[in-house]
1. Per 0.36 nm of contour for each residue apart, how much would the distance between residue 19 and residue 53 grow if the chain were fully extended, relative to their Cα-Cα spacing?
2. Find the relative contact order for the chain and round it to a whole percent, using C-alpha pairs within less than 8 Å whose residues are 6+ positions apart.
3. Looking at the chain, send over the antiparallel percent of its DSSP beta bridges, to the nearest 5.
4. What are the principal axis extents of the Cα atoms in the stretch 92-143, in Å, biggest first?
5. Counting only helical runs of four or more DSSP H residues, what would the 222 nm mean residue ellipticity of the chain come to if each run contributes -39,500 (n - 2.57) and the total is spread over all its residues?
6. Can you compute the modelled spin-label distance between residue 184 and residue 147, with each label point 7 Å from Cα toward Cβ, in nm?
7. Give me the tail of P(r) for the stretch 4-180 as a percent: Cα-Cα pairs with distance above 25 Å.
8. Which distance in nm do the two modelled labels at residue 60 and residue 26 give, with both placed 7 Å along the Cα-to-Cβ direction?
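Each value in this text was obtained by applying a stated rule to the coordinates, not by laboratory testing. All values derive from a computational prediction rather than experimental measurement. Note that each Cβ is placed from the backbone with ideal geometry, even for glycine, and that neighbours are counted across all protein chains shown.
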């Protein structure tokens with residue numbers, strides 16, 4: 001299992017706009033209609049990555065709690081489905097249902113959105129302000145498959161809490177670690 005870190009897009013970066021197919025609702029959705037009133041989490045995930053499988057229960061829990069507080073959640077898969085068919089859109093929908101995702105799971109077929117966000121791995125987490133300026137990017141928490149550290153989502157949770165409260169968000173942020181995005185050749 002590869003251990004690819006986040007590229008750590010510069011804080012303050014404006015969220016690149018997108019319009020992508022949502023495998024859950026079977027509709028094309030835009031960032032401006034998905035963003036939350038208090039902020040927006042955009043995460044690059046996929047179906048087959050052991051790191052994503054490991055954090056799925058916590059991201060589903062966090063979304064349910066923080067969506068009620070005005071944080072929008074958006075998941076995007078940008079993997080090459082020709083070489084990684086387990087990440088195909090119909091299987092993304094199945095994963096979303098099985099994992100209890102309360103958020104859209106978008107398919108980035110051209111991989112342009114992943115490139116626009118400088119996404120490198122799955123999972124890769126970004127938190128944007130109400131004005132869609134980047135305030136946090138990095139890991140969910142220190143838990144990884146097999147390291148025995150419990151899932152808490154503490155790093156992302158602390159950033160979301162600070163954003164909601166209008167408090168400063170620590171700029172010392174740890175990159176996420178996961179499988180590399182499967183780029184098309």
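1. Taking residue 19 through residue 53 to full extension adds about 9.7 nm, to one decimal.
2. It comes to 34 percent, rounded to a whole number.
3. Bridges in the chain are about 70 percent antiparallel.
4. For the stretch 92-143, the Cα spread along each principal axis is 31, 30, 24 Å.
5. -8000 deg cm²/dmol
6. The modelled label-to-label distance comes out at 3.4 nm.
7. Of all Cα-Cα distances in the stretch 4-180, 23 percent exceed 25 Å.
8. For the pair residue 60/residue 26, the computed spacing is 2.3 nm.
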